[in-house]
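Read the figures in this text as sums done on the coordinates, not as results from a lab. The model shown is predicted, which means the values in this text are computed figures rather than measured ones. Here the Cβ positions follow ideal geometry from the backbone for every residue, glycine too, while neighbour counts run over all protein chains shown.
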Amino acid sequence: MDFYAINSLRENHAGWSLLRAQNAPLALAFFMAAFTGPNQRNLGRQQLIDVLDDVLFGLRDAEGEERFPRRAVEYLDDWASDERKWLRKYYVPGEDEPHYDLSAAAEDVIRWVESLRGREFVATQSRLTSIFAVLKQLVQQSETDPEVRLAELRRQRDGIDDEMQRIRDGNIRVMTGPEALDHLQQLTTLAKDLLSDFREVEQNFRKLDRQVREQIATWDGTQGELLESIFGNQQDISSSLQGRTFQGFWDYLMSPQLRTELQDLLHRATRIEALAHTDSLHAVANLHQDWLPAVEQTQATVRQLSQQMRRLLDDKVFLENKRIMQLIRSVESGALGTREAPPSGLFMEIDAPSVDVVLPFERPLYEPSRKVMVDDAVLTADDLDVDADALFSQFFVDKERLRGNIDAVLADAEQATLGDVTAAYPLSQGLAELVAYYQLATESDWATINPEQEQRLSWRLPDGSTREATIEHIIFGRPA
Amino acid sequence: MTPSETETRTPEELPAVVTRLFKGVLYVENDEKIWQSLLGLTSQVRDYVSVLGLDLILDESEGYAFLRSREDPDNTLPRLIARRTLTFNVSLLLALLRGRMLEFDTNSSELRLIMTEQEIADMVSVFLPESSNEAKILDRLGADIKKVVELGFLRKLKGQADTYEVARVLKAYVDAQWLEEFDARLADYRATLAGEPLAGASATEEGK
């Protein structure tokens, strides 16, 4: 890579732009909390907003409100925008809420940032072992000379025989605690790498898909030539290098024998004594449960992309699309030409999506009112424990009686304040009665309520004490 | 159902499928169960609706199905499926949406075309007369969008203000034939416009 290639990455790569961003710590902390931490993908908008709100709330508490002034929604929209591309936003069938996933570039950045913190323990020995294992496999499996391969297998058999002999002699070598930890760490890293691979594979499929689409869109020749060029270049998604590698992995994971073996191994790993107190052991044991949905999703993406591609290449659609594009261009230029004087009235017709079936009997016709049977039989229930006092302490304010009181006072006067009325007919039901008077006043056309003035009314409780209420000045007038 | 009818062995799900199709476009994501029945009964449904002069349009990969009047050149049959009349603006909106969908399909791998009202307005505004009263134009656009929603080609998303999904079935209705007719009518209109110039209709000059 030369200076210019690196510079262009710095300018254009979504991951690098994330690292350079002003609010990178916020974005990364949020991405970790929502996606990589719990190993989740395909999150709904609301769920993401909730997580981001949590993150923001904590930060604002510590850093002050003005540090992150925008709302969670705005951050989210910004990060999913075309300029940023840290999140991929899409709509899944059957749901109106947009969904989001981390882009592969953003995930790379997260992993890099995480690696900066450094490991408490460097997995050197196990790394060396796996380098040896991979190297051996590479050399041996690429060997075409049968003699060399047989010799190698013989050497391995001798090694196994020696080992068995040692064990029979009672010389068993058990992995030490640090060694076991070292291997576990290696395992965790590998498993996480695998998960992030899936995301990248999916992204690469999308890239591939876009390339093919571009090719289709700009294709001038016949459809046959187009197909030839696409299949000739092996750009069809499932036959691409990506596709075949991925399919290989899928087959591997789907093999019942291998899955049982994997589960068995994981199960036995959880019982290793040297590792009993490590948290990550549990995570590793469950990792294969995270793989399956991740692989399935990638698989579904590939299937969907392939299907759409096939549809796009379908000859009828291919020809019709070209024709439709021409027609729409023509309509557009026609519409521009008549922009200042567009056709008025009805212009085109289109078929309704439904068949006109008028159902006259669906309309409600006259229906004689039905007699409602009221079952008034009261079932005797065991109510000894129920305190019935609450029921009987309720009382009813008879508004007609109050109205009668007002009328009686008004019989002798043109108008009367509420004080006059209660003076003539003392309040017997306290505040409830007062409220009923108030209600009468608001409903009546002949009463005025003056909020500027107050009046005090009092009543006597059964125990002899006096209560007082201050309410707005109410005047009842005699109906004309 | 009378006993004699059941003896002709009408498949159990057929009535539900046919009546559902009568009511409007059937989408796989909305009616998974009916959709499955339809896939199993395609030929029966075709036979049944053909008696009424209707065709079943079934697009499995797009996931929709609906009924359409059979081509009837002599106009002998009364129309069972009504034709909705459209103003020029609504017709243009449909054509533009169709164009957008085509672009969307060729450029992206997403399944659902979602547009905000603002995006629709931006798409249409080029074709609207320049007017000082922008509010009026936006109001009219709002009415046009509502009409398209009524026709079932746009669907308002739940919980998201002013965001619409363009229904994929639009592809089947606004097809090459429909657009051809649109184009031809527009050309006719422009010809008449050029023949008898309106006062100050300088815009029609370029049409000649």
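Here are a few things to note about the model shown:
- Three-way shape call for region A:397-480 based on the alpha-carbon gyration tensor, with the a/c threshold at 1.5: prolate
- Within 10 Å of each Cβ in B:160-166, the average number of Cβ atoms from other chains: 1
- Sites A:Gln453 and A:Asp376, calculated FRET efficiency, Cβ-Cβ separation with R0 56 Å, nearest 0.05: 0.65
- Of B:Lys33/B:Lys156; B:Lys23/B:Lys136; A:Lys207/B:Lys33, pairs whose Cα-Cα distance is over 30 Å: B:Lys23/B:Lys136; A:Lys207/B:Lys33
- For a straight C-alpha distance cut-off of 19 angstrom, the lysines reachable from A:Lys322 (same-chain residues fewer than eight places away being disregarded) are B:Lys171.
- Descending principal axes extents, region A:251-298, alpha-carbon based, whole Å: 35, 21, 9
- Across peptide B:167-177, the average count of Cβ atoms from other chains found within 10 Å of a residue's Cβ is 3.
- ³J(HN,Hα) computed for each position of region B:188-194 - Karplus, 6.51 cos²θ - 1.76 cosθ + 1.60, integer Hz, glycine/proline x: 4, 4, 5, 5, 5, 4, 6
- Estimated vicinal HN-Hα couplings, Hz - region B:19-27 in sequence order (Karplus 6.51, -1.76, 1.60; Gly, Pro = x): 5, 4, 5, 4, 6, x, 4, 9, 10
- In the protein assembly as shown, a dipole from Cβ-located charges (positive for Lys and Arg, negative for Asp and Glu) runs towards its positive end, and of A:Ile160, A:Phe198, B:Ala135 it is A:Ile160 whose Cα lies farthest in that direction.
- Peptide packing for A:62-68, A:222-228 was compared via the average number of neighbouring C-beta atoms within 10 Å per residue; ordered from the highest value, the list is A:222-228, A:62-68.
- Simple rule: put +1 on each Lys or Arg Cβ and -1 on each Asp or Glu Cβ in region A:137-183, find the dipole, and look at A:Gln141, A:Ile172, A:His183; the Cα lying farthest toward the positive end is A:Ile172.
- Prolate/oblate/rounded label for the protein assembly as shown (Cα gyration tensor, a/c 1.5): oblate
- For A:Asp351, the amide hydrogen comes within under 5 Å of the amide hydrogens of B:Arg84, counting only partners 5 or more places away or on other chains and with H modelled in the peptide plane.
- Once C-alpha pairs closer than 8 Å and six or more residues apart are averaged by separation and normalised to the residue number of chain A, the relative contact order reads 9 percent.
- Neighbours of B:Ile57, meaning other residues whose beta-carbon lies under 12 angstrom from its beta-carbon, give a summed charge of -2 when Lys and Arg score +1 and Asp and Glu score -1.
- Length, then width, then depth: along the principal axes, the Cα atoms of region B:32-176 run 56, 38, 28 Å.
- Sorted ascending by nearby beta carbons within 10 Å, beginning with the fewest, A:Leu312, A:Leu138, B:Leu86 become A:Leu138, A:Leu312, B:Leu86.
- Scalar couplings 3J(HN,Hα) for region A:450-456, obtained by applying the Karplus form with A = 6.51, B = -1.76, C = 1.60 to θ = phi - 60°, are 10, x, 5, 10, 10, 9, 10 Hz; x denotes Gly and Pro.
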